[in-house]
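Here is the structure we will look at, set down as structure tokens.
The values are calculated or read from the model by the stated rules, or taken from the named source; none is laboratory data. Model, not experiment: these values are computed from the prediction. For neighbour counting, all protein chains shown are included, and Cβ atoms are generated from backbone atoms with ideal geometry for every residue, glycine included. In case anyone asks, the SASA skips ligands and DNA or RNA and just uses the protein heavy atoms, side chains included. Shrake-Rupley method; radii C 1.70, N 1.55, O 1.52, S 1.80 Å.
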Amino acid sequence: MSRERQLVEKIARALAPRRPASARLKMGIGDDAAVVSTGGHAEWVLSCDTFLENVHFRLKTHPPDSVGYKALARATSDLAAMGATPRFFLLTLALPAGAADALSGRSFVGRGFSHDKTSPLGSGALAPEVPSESWLNAFLKGMARASRELGIAIIGGDTTQSRTIFISVTVLGEITPGRALTRSGARPGDIIYVSGKLGRAQLGLELVLRGHARNRELRSVVQPHLYPKIRIALGAWLAQHRIATSAMDLSDGLSTDLARLCTASQVGAKIYATKVPTAALPAASARKLGMPKLDPLQRALHGGEDYELLFTVPPRQAKKLSQAPGASKLTPIGEITRNRQVILAAHDGSEKTLKSQGWDPFR
């Protein structure tokens, strides 16, 4: 069990209500998002995500507009995983001392936002690097672009001060009652599908860390890391047509997220190395750029932040996927089993347990 999962379970135990939760709570801790009944013709789907400087991005390495774009996109991916339509979001933004002056009170100070004026910095603390006004403007421009593309509107949030940039986004989506996709519905015999090629974000990250974030020749390769495309339409279609028995987004790597889905559904899985869609640079380009000789399959299995959808479908429903948004990019990679283990069938036909080696912030 990962340290992150141990922490989540500890929090859930400590904060569990002493009496049954409200009947309006349809789904709580344990999935990509919570589901709450409104008592009307729709249910609300809610989630939050944190994006930290020096953990998820670097001030000098990542283009500021990509930081804004990705902060909102990765949070909204949880709504896609549940099949919900994005509606609104709240933004918490903490900046180093001095950075607020760049905002000049224009962008965030206003209706719907609260403001914490207390400083966490002691008198002897070293001053962190402060993002410039141009950085902040580009950050907001990127987030605005994501907001338009995802169809989600800001309705408020909070601003405060921190030693480094701290971004937290809470998203709210809408779905027809009883249609939310969950991690817990997979059954033995179901076919396991993924959207898109896996490992693209990890490959993009490796290039960005080598200084190629703004390399126009590599733009298509680094974009999956900097500006991930979220599968809103696919998630909504799967939920609307009741095709998928389970689903989640691939945020921490296939090896880790598939294990989570199997645990929630109390099943196992077998996937085939020959079927996993991978991404790689041509060998000549990799050598020219000094890229390590990492097997594309390893990126696909363990690389995080692809934000593709992982979902399961009964064999009798598989043909219907030809009508799904982005159907040509959907790939069957294996099947759900009864044995509670996640097995990888290698290229040579041998089989081994697939260990969870994706992203774990506490590793």
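The table that follows gives values for the structure above.
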quantity	calculated
Amide H partners (placed H, <5 Å) of I343, local residues excluded	A269, K270, I271, L354
Subset of K26/K197; K26/K270; K288/K355; K70/K197 violating a 26 Å alpha-carbon distance limit	K26/K197; K26/K270; K288/K355
Gaussian network model of the chain, springs between alpha carbon atoms under 10 Å - residue of S47, S162, S350 with greatest fluctuation	S350
Those residues of the stretch 51-90 whose amide nitrogen sits under 19 Å from the label point placed on R210, 7 Å along Cα→Cβ	58, 61-63
Extension gain from Q298 to Q223, taking 0.36 nm per residue of separation minus the Cα-Cα distance	25.0 nm
Cβ-derived FRET efficiency at R0 30 Å, T164 paired with M291, nearest 0.05	0.55
Accessible area of the chain belonging to carbon and sulfur atoms, whole % at 1.4 Å probe	51
Distance (nanometres) between label positions extended 7 Å along Cα→Cβ at Q266 and R316	2.3
Computed [θ] at 222 nm, deg cm²/dmol, the chain (DSSP H ≥ 4; -39,500 (n - 2.57); rounded to nearest 500)	-9000 deg cm²/dmol
Per residue accessible area of the chain, 1.4 Å probe, in Å²	50
Listed residues L310, L281, L15, most fluctuating in the chain (Gaussian network, C-alpha, under 10 Å)	L15
Pair-distance profile P(r), taking every C-alpha pair of the chain, with 10 angstrom steps and integer %	5, 23, 32, 26, 12, 3, 0
For L25, distant residues with modelled amide H under 5 Å away	S37
Choice from A244, A81, A97 with maximal GNM fluctuation in the chain (Cα, 10 Å cutoff)	A97
Two-site label geometry, A284 and A233: point separation in nm, points 7 Å out along Cα→Cβ	3.5
Computed label-point distance, nm, for sites A346 and C48 using a 7 Å Cα→Cβ extension	4.4
